[in-house]
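One structure below.
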Amino acid sequence: MANEVEEKILSIFKENDVNVSKSDYDKPLDDLWGVDSISYVQILADISKEFQFQITDEDFILADLNTFNGVMTFTNAKLVSV
Amino acid sequence: MQFSFELKPYNDFWMNCILNAAYTIAVTVEPSYKYAALMNDYRYKTWGAAIDSSFITPTLDVLDYEENWNDFILQQVIAKETAHTFKDPADFLTELKEIIADKQIIKLNVDLFYWLPKNIACNKFHMSHYAIINGFDTRAKMYHVLDDDIDGYGTHLIPEERVVEAFMNSGAMTDKEFGGPHAYIYHLQDQIVPYRLSLQDIQNHAARLKRELADFSFDGLWDIKNHDLFDDYIRISLIGINIISSRQAANGMLIQSLNEMDLIEESLFQELRLHVNKIQRGWKSIKQIFINKTINGDKTLNLSLIQSKANELLELEMNMWSLLVEIERNEMIIIRQES
């Protein structure tokens, strides 16, 4: 299940023209080629739509959404709470 | 392409279209002015939206450049801008090309509705502003432009018909109340002195910011009452949030420069860096909330959370500037103790 989530998130990044390799998982997403403020939020929106959860205003302020690993952890936590 | 002046767009951070254009010219002519752009000579302010003056959003503005150019840093590079009216507006391209061929740097009034595809106003709302046009290709009927869109301030090639449409629909051409000319021409100083970053100037502004931030608050701002216009209010809010967020990137670069030039001790640099990183992350998260509303169609805003976060960032910024102001105070204490 965890691998499926990781693969799906990777493919969502790829659909938004951002290729993420394992060595990028802890890098700030801002530093990845193809990520700007809009594509970053679009990727998160696509993830939330794919896994059918909502990203709230609080999530942007409080959650660690700055790295690929952070996004995966966040997504897994949302899936558990749904 | 025939250029008046080959300009390298200033894109270290975004201030606004006027300042990024001015710094583009200044930094191309004399690269030391890239440090002038980082100066903390700004002030937080609020503005009412054009569509609804009761909707108040925050932004910040650089001091002097609008009302007091002679006191502004870049006066040392750009002596003045003169208003220009085309002799025959219906055939403005002929005169525009003559001005460019004459090596003059011109900025043209255009309606952003028709201008750059990735500008937030394009095909969405009408807004007049001035864009530098510094080159043309007669055979290809293309114009070389410097302007900003969602990717920042950069260069663009615009087809002639779009230049015509954007100018013909600009405020200068269509609105008697507009008050601005068809174009402005920049005039550079004959002699340009290189810029030197001054710790004293930065401290003076830090002391000013510390006072001003103590009286500023985000309470009551971004308060959307008319949800029919929710998307417009979000876009308007993003303009100011983007400016504030960009300025925090500049503050990071300023602190880095102070360290590289050995103007501050390493321990102070590390402390300032901690502060500015937190402030940058905080404003980024606020910006992401607003961008998210434009993407997911959600028409609710957790206003108290956002206002509270913004006020927390204000306090962090105040503390950050206090650290710089304190250097002088601590040095005076040491001098008094030694004497």
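The values are calculated or read from the model by the stated rules, or taken from the named source; none is laboratory data. Note that the coordinates shown come from a computational prediction; the quantities given were computed from them, not determined experimentally. So basically every Cβ, Gly included, is an ideal-geometry build from the backbone, and we count neighbours across all protein chains shown. Note: accessible area is taken over every heavy atom of the protein model, side chains too, but ligands, DNA and RNA are not part of it. Shrake-Rupley method; radii C 1.70, N 1.55, O 1.52, S 1.80 Å.
Quick one: would you say B:L96 is in contact with a Pro (Cβ under 7 Å, 6 or more places away or on another chain) and crowded, with 18+ Cβ neighbours inside 10 Å?
Numbers: in contact with a Pro (Cβ under 7 Å, 6 or more places away or on another chain): no; crowded, with 18+ Cβ neighbours inside 10 Å: yes.
So B:L96 fails the test.
Going through B:R281, B:R247 one at a time, which residue ends up being within 23 Å of the chain's Cα centre (by Cα) and surrounded by fewer than 16 Cβ atoms within 10 Å (Cβ to Cβ)? Spell out how you get there, then give the answer.
On the way: B:R247 fails: surrounded by fewer than 16 Cβ atoms within 10 Å (Cβ to Cβ).
Among B:R281, B:R247, only B:R281 is within 23 Å of the chain's Cα centre (by Cα) and surrounded by fewer than 16 Cβ atoms within 10 Å (Cβ to Cβ).
Any idea which of B:W14, B:W47 is modelled with pLDDT under 95, farther than 30 Å from B:S257 by Cα and of a type in the set (F, W, Y)?
Result of the check over B:W14, B:W47: B:W47.
Could you list all residues from segment B:250-278 that are within 13 Å of chain A (Cβ to nearest Cβ) and open to solvent by less than 70 Å² (accessible area, probe 1.4 Å)?
Matches in segment B:250-278: B:G252, B:N277.
Could you check B:R281 against (1) facing chain A (nearest Cβ under 8 Å); (2) touching a residue at least 24 places away in the same chain (Cβ under 8 Å); (3) charged (D, E, K, R) and say which number it fails?
(2)
Just to be sure before I move on: is A:I38 among the hydrophobic types (A, V, I, L, M, F, W, C), within 28 Å of B:L301 (Cα to Cα), surrounded by 14 or more Cβ atoms within 10 Å (Cβ to Cβ) and more than 13 Å from the chain's Cα centre (by Cα) in the structure I sent?
Working: among the hydrophobic types (A, V, I, L, M, F, W, C): yes; within 28 Å of B:L301 (Cα to Cα): yes; surrounded by 14 or more Cβ atoms within 10 Å (Cβ to Cβ): yes; more than 13 Å from the chain's Cα centre (by Cα): yes.
Yes.
Tell me which helices (runs of 4 or more DSSP H) are completely within segment B:15-128 and hold 1 or more residues being more than 30 Å from B:L229 (Cβ to Cβ) and over 17 Å from the mean Cα position of the chain (by Cα), or say none if there are none.
By residue number, B:17-29, B:92-101.
Quick one: count up the residues across segment B:284-332 that are more than 26 Å from the chain's Cα centre (by Cα), of a type outside the set (S, T, N, Q) and assigned to a helix (DSSP H, G or I).
Count: 7.
Do any residues in segment B:151-163 that are at pLDDT 95 or above have Cβ atoms under 6 Å from those of residues that are hydroxyl-bearing (S, T, Y) and in a strand (DSSP E or B), where the two are at least six apart or on different chains, and which pairs are they?
From residues that are at pLDDT 95 or above, the pairs are B:I158/B:Y143; B:V163/B:Y143.
On the basis of being within 14 Å of chain A (Cβ to nearest Cβ), at pLDDT below 95 and open to solvent by less than 40 Å² (accessible area, probe 1.4 Å), does B:L238 make the cut?
On the way: within 14 Å of chain A (Cβ to nearest Cβ): yes; at pLDDT below 95: yes; open to solvent by less than 40 Å² (accessible area, probe 1.4 Å): yes.
The answer is yes for B:L238.
Say we look at segment B:143-158 and pick out the residues that are assigned to a strand (DSSP E or B) and open to solvent by 50 Å² or more (accessible area, probe 1.4 Å); which of these is farthest from the other protein chains (Cβ to nearest Cβ)?
Taking the candidates together, the pick is B:L157.
Among the helices (runs of 4 or more DSSP H) confined wholly to chain A, which include 3 or more residues that are within 14 Å of chain B (Cβ to nearest Cβ)?
Numbers: elements: A:2-15, A:37-50, A:57-62, A:68-81.
In chain A, A:37-50, A:57-62, A:68-81 are the helices (runs of 4 or more DSSP H) which contain 3 or more residues that are within 14 Å of chain B (Cβ to nearest Cβ).
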